[in-house]
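The values are calculated or read from the model by the stated rules, or taken from the named source; none is laboratory data. Computed from a predicted structure; not experimentally measured. Glycine gets a Cβ as well: all are built from the backbone with ideal geometry, and neighbour counts include every protein chain shown.
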Amino acid sequence: MNNERPDPDQLLARVERDKVKAQRGRLKIFFGAVAGVGKTYAMLQAAKERRAENIDIIIGLVETHGRKETAALIDGLEVLSPKLIEYRGTTMREFDLDAALKRKPSIILVDELAHTNAQGCRHPKRWQDIEELLDAGIDVYTALNVQHLESLNDDIGQISGVRVWETVPDTVFDQANEIELVDLPPDELLNRLRDGKVYLPQQAQEAIKNFFRKGNLIALRELALRQTANRVDAQMLDYREDNAIREVWQVNERIMVCIGPNALSERLVRAGKRFANSLRAEWLVVYVETPELQRLSAEKRDGVLRILRLAEQLGAETVTLNAPDISSAIIKFSNERNVTKIVMGKPTRRGWKRLLLGSVVDVLISDAHNINLYLLGSPRHEKGSIVDKADTSLYRRNPLPGLSRKLALRKKNRSIGYVWALAVTVASTLLAYLMFGRFELANMIMVFLLGVVFIATRFGRGPSIFASFLGAAIFDFLFVKPYLSFTVADSQYLVTLLAMLIVGVLISNLMANVRSQAKVAGHRERRATVLYAMSKDLTASQSEDEIVRTAVRHLNSEFGSCNVILFPDPDGRIVYPKAPGLRESLHAADLSVAQWVFDHNEIAGQGTNTLPGAEAIYFPLSNKETVMGVLVLLPVNLRRIFLPEQQKLLETFLGQIAQAVMRVRLAEQARTTQVSMEAERLRNSLLSSISHDLRTPLATIVGSASALVEDENALRVEDRLELSRAIYDEAQRMSSLVNNILDMARLDAGTIELNKQWYPVEEIIGSVSTRLQKRFEGRRLSVDLPEGTPMIFVDTVMIEQVLINLLENSLRYTPDKSPVEIIAEVSAFAVKVSVADHGPGIPKGLENQLFEKFYRVRHEAAQSGVGLGLAICRAIIEAHGGKIQAQNRPEGGAIFSFVIPLDQAQPVLGPEE
Amino acid sequence: MTLSSPVIVVIEDDPAIRLFLRTSLGAHGFKVFEADRGQQGIIEAGIRKPDLIILDLGLPDMEGVDVIKAIREWSVVPIIILSARSTEQHKIDALDAGADDYLTKPFGLGELLARIRVELRHSVSSPTQDQKGIFTTGMLKVDLLSRQVFVGDKEVHLTPIQYRLFSVLVKNAGKVLTHQYLLKEAWGPSYKDNSHYLRIYMSQLRHKLEEDPTQPQYLLTESGVGYRLKV
């Protein structure tokens, strides 16, 4: 490996980062150890300076806490009026995000980055508001205390004994463009506190005063300084990368944090975050869900879910793996992703249990050779299953409204299992009693074990273990000497009993695993079936409407939720669908939320971080980078959507829907391209046809006319007549040519409105035969029209044109004097009119091409037209909803027929008075 | 040119067509006055006392229909309009406004002269209709007084409406009559939207009067415009 060359991946990442940075607003954080160090003051002073430089800077929201020096700084700066929100009787002043976005200053001041918004704001957290401001390209100044940093929250809580619930993800801090440390030595701060210069909320005075102990202040100051120093360090690294200063290049580290359903997980995630930061490495958080873990209570699974979300907020990629064995899944996955370091909790199993049942850590140590393991111990008081604690703390900070709703417990089912266990054991006892004396005791034990196996297969672990113990006890009590006593005389029976118990428990465990694996397999199969069914239907869908209908139906049947898919109009505004809704459609989607989701390509609505107050959940329907629409889903139960496997399923659904929509759109695009290519081709052949067909008669006209003009009496009278006639004939030809071209152009442009009226077929034929009388001199034109032919509802001028074109076509392509026939046939639904000739017929295989534009049977034939006549016929007949076709007649000659549908009731004639 | 030669006013903006009309009509004994604008045409029509007016519908300064209306305010002089193709509605509008016949460009001199003759004949009196009110064309003979219709020597019985319709055509023999006009004349003004009535009765008339209704000799269809009884 050449050490001189910067890693291309890293360079690419830098370029991406710089690009995003250039469009995004810049974030400057005024960072302090605790409240009272003067962050707001420093921030306002900076604002004053910017103002003096004539930069458009405004105050979005600033808390002066009544301090005069601070308030004085606000003078002369534009202040955005706060949004007032009524909440439980009190009015809250909140930052007005929409007003700020509308005002769009170059810099905006928004105090207290860690603030939690009142219910009713778009985002639950202020840092999310600020993210949106940055996305909109607005620079932001804000203030933050070190204790509000998510990853330090734990440690500071432990140091100071006071925990804050308002935290800011480290990613926000890390991505800030500038950090300005506002520092004040602890002594001075304490002085200010004494002088009453530090604002403290009334109700918590005492607790907070306790917090402002010197030791605490020193520790916090150190943390703040260190955090800032770390950042400076990182900037240094960036600089070195930019300037290709070698040495520090390191292999890309990737850290994987493995979590489980216990309170240690939260600490593991925070530790992983810090670890990843210090190594400047990517990090993943992985949860392996074994069949056993799938049997955990819903509350515990929700706890895991929340930790995964916390990890996401801290900037990790989270993965849930489904596998029967934790260690092998971890090893496989870490190899796939080139993980170099694994962070996990110390094994909880100790002593003989660890020896007997093994631990994930031990397996990893022996099997994952190239991976470094970092183990995190759990504080003593958090030993054991402490999900309860995780529940309270995590829930408060990462609210997932709805997830806390408890499902109806299935306890009833379980108690039935125990009743069965009792019954089966009693039955076994009766059977054993009958065998007593006639069989060996070992055989009687088999009877009990049989019962245990039965219970295990039907009711799972608990009841079957219960049955094992009960069986062992009864066996000892009734059949082992001394009878009717739990004491065991012969010590060899002790071994028998113990073996029976162990075998019972083992069988129970095995059966339970088999059962749950079967259940998981069943779930998987069902999911695969559901996915297959939808993708099959989606593939069959030919239009966007159809895709939406298919998707809405499948989403409804899988997630039980009414839903709707919204698409933007050409201006990019999300609009309600035009198509009528289905039974499963959702009708109350909030367009403004959908618009936000569409613009930001992020999920919003209930259970998410954006507009959690909304009733529905809004998912962007996107294909990689392009957002195509928004899926709005009204959840009946959040668990059905946010459980990892369901979420994955939904994501797959969304991906498939997006893909299907993309496919249809691409096909549509291809069609339009095809059409325009076709138009281009037509234009070209039109030009070449016209230039040939117009020039030929023009040459005759110009030539003959010039001969007449320049005649100086040299021409004989007959010659003059001849020349004049040539001019006349050629002009007629050009006239019909131009008419055809104009007709075709009008038909193509679709500007023709059919003036449909009721006409007798006879009249149309009559009109045409009158008009063509001269052309048919010397030929026989016979008409075969059955009595009582109904009237047809057509544009007569057009239909006459069709007949004329067909007849002229016959005249052109058949020998002189050969007769032409017009034949009408009537069926219940249509009238068919045919023009039959006795010419050479149509060359084989050309029956359909004849109706193409510019098609001519004999290409260089001098007398032919541009080849538009039949194309015009087809366009007219198709505009009437009919069909036109050409065939050869068995007796020789060609027959052209068109069909006009009779799809309306014939008009009635009132009686003659 | 004699004193009795008929006077024709040509209102047409295209000089080439004016030239063609002037020379060819002049050669056939007509006295031709020209106007290249509608306004001027109306004035010419007033001062020249023409026997016939040839009017192009596509004039630069005003609508052809308005020229017809202006002239019809004080004169019943026959007007033949010239129009481009595929503008049936314009023709109908012009005919309903009072024009007497139309020609579609491009047209030949033969067609034009035939139309002019029909119109001039009408404006004097119908020579095909003699003093006793007998009208004949080809094999058709109509006695307008006794309301009898003959094909050859055979009398044909017509229903009252059939006769009414036919008599309108006979009285305007050679002229194109719009659907609207025929409906109004034969059925009355309230029937003007029932143009299929007209078609059905025309079909009945053809079956009674024509030898082959699919190749009519007398009752001709003017596609999209109306009907004409050929003389």
Hey, among A:N563, A:N609, A:N509, A:N513, which residue is in a strand (DSSP E or B) and either buried (at least 20 other Cβ atoms within 10 Å of the Cβ) or modelled with pLDDT under 85 (or both)? A:N563
Take the conditions away from chain A (no Cβ under 14 Å) and farther than 29 Å from A:Y759 by Cβ and apply them to B:L169. Does it pass? no
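Among the residues that make up segment A:628-651, is at least one of them in contact (Cβ under 8 Å) with a residue 12 or more places away in the chain and either hydroxyl-bearing (S, T, Y) or more than 30 Å from A:E615 (Cβ to Cβ) (or both)?
No, the conditions are met nowhere in segment A:628-651.
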Just checking, does segment A:669-688 include any residue being within 14 Å of chain B (Cβ to nearest Cβ) and either loosely packed, with under 13 Cβ neighbours inside 10 Å or touching a Leu at 6+ places or on another chain (Cβ under 9 Å) (or both)? no
Counted residues in segment B:139-165 being of a type outside the set (K, R) and either within 14 Å of another protein chain (Cβ to nearest Cβ) or exposed (fewer than 13 other Cβ atoms within 10 Å of the Cβ) (or both) come to 13
Residues that are within 14 Å of chain A (Cβ to nearest Cβ), over 18 Å from B:R37 (Cβ atoms) and touching a Lys or Arg at 6+ places or on another chain (Cβ under 9 Å), drawn from segment B:54-88: B:A84, B:R85, B:S86
Anything in segment B:205-231 that is in a helix (DSSP H, G or I) and more than 8 Å from chain A (Cβ to nearest Cβ)? List them, or say none. B:L205, B:H207, B:K208, B:L209
What residue, among those in segment A:753-772 that are more than 7 Å from every other protein chain (Cβ to nearest Cβ), farther than 16 Å from A:N805 by Cβ and not hydrophobic (A, V, I, L, M, F, W, C), is surrounded by the most Cβ atoms within 10 Å (Cβ to Cβ)? A:K756
If you go through segment A:804-819 one residue at a time, do you hit one that is surrounded by 15 or more Cβ atoms within 10 Å (Cβ to Cβ), within 12 Å of chain B (Cβ to nearest Cβ), touching a residue at least 60 places away in the same chain (Cβ under 8 Å) and within 56 Å of the chain's Cα centre (by Cα)? no
Residue check: is A:S541 in contact with a helix residue (DSSP H, G or I) (Cβ under 8 Å, 6 or more places away or on another chain), under 30 Å from A:E292 (Cβ atoms) and surrounded by 12 or more Cβ atoms within 10 Å (Cβ to Cβ)? no
Subset of segment A:831-844 that is at pLDDT below 90 and under 56 Å from the mean Cα position of the chain (by Cα) - its residue that is nearest to the other protein chains (Cβ to nearest Cβ): A:I842
Let me spell it out: the conditions are (1) over 26 Å from B:I92 (Cβ atoms); (2) in contact with a helix residue (DSSP H, G or I) (Cβ under 6 Å, 6 or more places away or on another chain), and B:G26 meets all of them except one. Which number is the exception? (2)
Could you list, in sequence order, all residues of segment A:570-606 that are hydroxyl-bearing (S, T, Y) and either part of a loop (DSSP other than H, G, I, E, B) or out of contact with any strand residue (DSSP E or B) (no Cβ under 6 Å at 6 or more places or on another chain) (or both)? A:Y576, A:S592
Which listed residue is of a type in the set (A, V, I, L, M, F, W, C) and touching a strand residue (DSSP E or B) at 6+ places or on another chain (Cβ under 8 Å), from A:V564, A:V530, A:V514, A:V503: A:V564
Would you please name the residue that is surrounded by the most Cβ atoms within 10 Å (Cβ to Cβ), looking only at residues in segment B:189-204 that are more than 8 Å from every other protein chain (Cβ to nearest Cβ) and either closer than 19 Å to B:L158 by Cα or touching a His at 6+ places or on another chain (Cβ under 8 Å) (or both)? B:Y201
Exactly one of these conditions fails for A:M446: (1) free of Cβ contacts under 8 Å to residues at least 12 places away in the same chain; (2) more than 60 Å from the chain's Cα centre (by Cα). Give me its number. (2)
Which pairs turn up if I take residues in segment A:485-503 that are in the same structural domain as A:A472 (by TED's automatic domain parsing) and without any contact (Cβ under 8 Å) to a residue 60 or more places away in the chain and look for partners that are among the charged types (D, E, K, R) and part of a loop (DSSP other than H, G, I, E, B) with beta carbon separation below 9 Å, at least 6 apart in sequence or on another chain? A:V488/A:K481; A:A489/A:K481; A:D490/A:K481; A:Y493/A:K481
Quick one: in segment A:786-803, which of the residues that are facing another protein chain (nearest Cβ under 9 Å) and either surrounded by fewer than 20 Cβ atoms within 10 Å (Cβ to Cβ) or of a type in the set (D, E) (or both) is farthest from A:I741 (Cα to Cα)? A:D795
The conditions are (1) on the phi > 0 side of the Ramachandran plot; (2) in a strand (DSSP E or B), and A:M628 fails exactly one of them. Which is it? (1)
Per the filter on segment A:765-803, residues of a type in the set (S, T, N, Q) and under 60 Å from the mean Cα position of the chain (by Cα) are A:T789, A:T796, A:Q801
